[in-house]
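Please read the structure below before turning to the comments.
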Amino acid sequence: MSLEKIANNIFDYSNRSIAGAALLVSTPLFLICAAYWKLAHNTSCIFKQERIGQYGIPFTLYKFKSMPDDTPLILDDVDSNKELRKAYATPFGKILRKYSLDEIPNLFNVFKGEMALVGLRPTLEENKEKYRRERGLYRIKPGIICMTSIRNKLKRMTVERSNNYDKIVCENMEENPFSHSFYTFYCAIPVLVSGKNK
């Protein structure tokens, strides 16, 4: 087995281990969300949606619901939909989205090996999905936290610049997954704390 393969296995095991521990720690949040959605809307707290994963293989993404079940499809990665998301989100859902707590169930995807803690955010936006296929960016796992998303929240980027960042993220995750992941976490902390996420 090559050193690169060993390093990738260690990285994957580290991601799954951290995700498992984080799921245990976040158990109270799961209970709170489950109680809210059951009592207020008589439904499950988990939102499921098919996304494109590594090598273009579809997988089921898990998130906490922030909107009622009868809400029409609103793409997260389309800027013009920001006000629509705010309008449809419940008061509890707005809090979850503000601090990205709605993404916590993504940890199940990491634990299953479908996602990584850091990578490119899985997208439903047609042009971005096309760009990733054409550039071969699906060779890495999608991630919960993405440097492109962090940069975009701090200063809105053009589509072209955003796509270029996606390419850089993919290359960094292939060459130095540990160092890029640590750096991304470091950059994400002030964004998460400030509530600039959504």
Checklist outcome for this item: The residue that is farthest from residue 60 (Cα to Cα), considering only those in segment 109-126 that are assigned to a helix (DSSP H, G or I) and out of contact with any helix residue (DSSP H, G or I) (no Cβ under 7 Å at 6 or more places or on another chain), is 126
Checklist entry - Out of curiosity, is residue 7 modelled with pLDDT under 95, in a helix (DSSP H, G or I) and small (Gly, Ala, Ser)? => result yes
Checklist outcome for this item: Among the residues of segment 20-60, the number that are in contact with a Lys or Arg (Cβ under 9 Å, 6 or more places away or on another chain), in a helix (DSSP H, G or I) and of a type outside the set (Phe, Trp, Tyr) is 4
Item to check | Residue count for segment 110-152, restricted to those that are touching a Leu at 6+ places or on another chain (Cβ under 7 Å) and acidic (Asp, Glu) | outcome: 1
Next on the checklist: I'd like the full set of residues that are modelled with pLDDT of 95 or more and more than 20 Å from the chain's Cα centre (by Cα), limited to segment 10-35.
Outcome noted: 28, 31, 32, 34, 35
Item to check | Single residue of segment 13-56 satisfying the filter (touching a Leu at 6+ places or on another chain (Cβ under 8 Å) and among the basic types (Lys, Arg)) that is surrounded by the most Cβ atoms within 10 Å (Cβ to Cβ) | outcome: 51
Checklist entry - Does residue 51 satisfy being of a type in the set (Lys, Arg), modelled with pLDDT of 95 or more, within 19 Å of the chain's Cα centre (by Cα) and within 28 Å of residue 190 (Cβ to Cβ)? => result no
Item to check | Pair list, Cβ under 8 Å, 6 or more apart: segment 29-58 residue touching a residue at least 24 places away in the same chain (Cβ under 8 Å), other residue in a helix (DSSP H, G or I) and surrounded by fewer than 15 Cβ atoms within 10 Å (Cβ to Cβ) | outcome: 54/139; 55/139; 56/133
Item to check | Meets criteria (surrounded by 13 or more Cβ atoms within 10 Å (Cβ to Cβ), among the aromatic types (Phe, Trp, Tyr) and farther than 24 Å from residue 92 by Cα) for residue 59 | outcome: yes
Checklist entry - Looking at (1) of a type in the set (D, E, K, R); (2) surrounded by fewer than 18 Cβ atoms within 10 Å (Cβ to Cβ); (3) under 17 Å from residue 16 (Cα atoms), which is the only condition residue 155 fails? => result (3)
Checklist outcome for this item: Scanning segment 158-198 for residues that are among the small types (Gly, Ala, Ser) and not in a loop (DSSP other than H, G, I, E, B), the one surrounded by the most Cβ atoms within 10 Å (Cβ to Cβ) turns out to be 181
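The values are calculated or read from the model by the stated rules, or taken from the named source; none is laboratory data. Being a predicted model, the structure only gives us computed values, none of them experimental. Here Cβ is always computed from backbone atoms with ideal geometry, including for glycine, and neighbour counts include all displayed protein chains.
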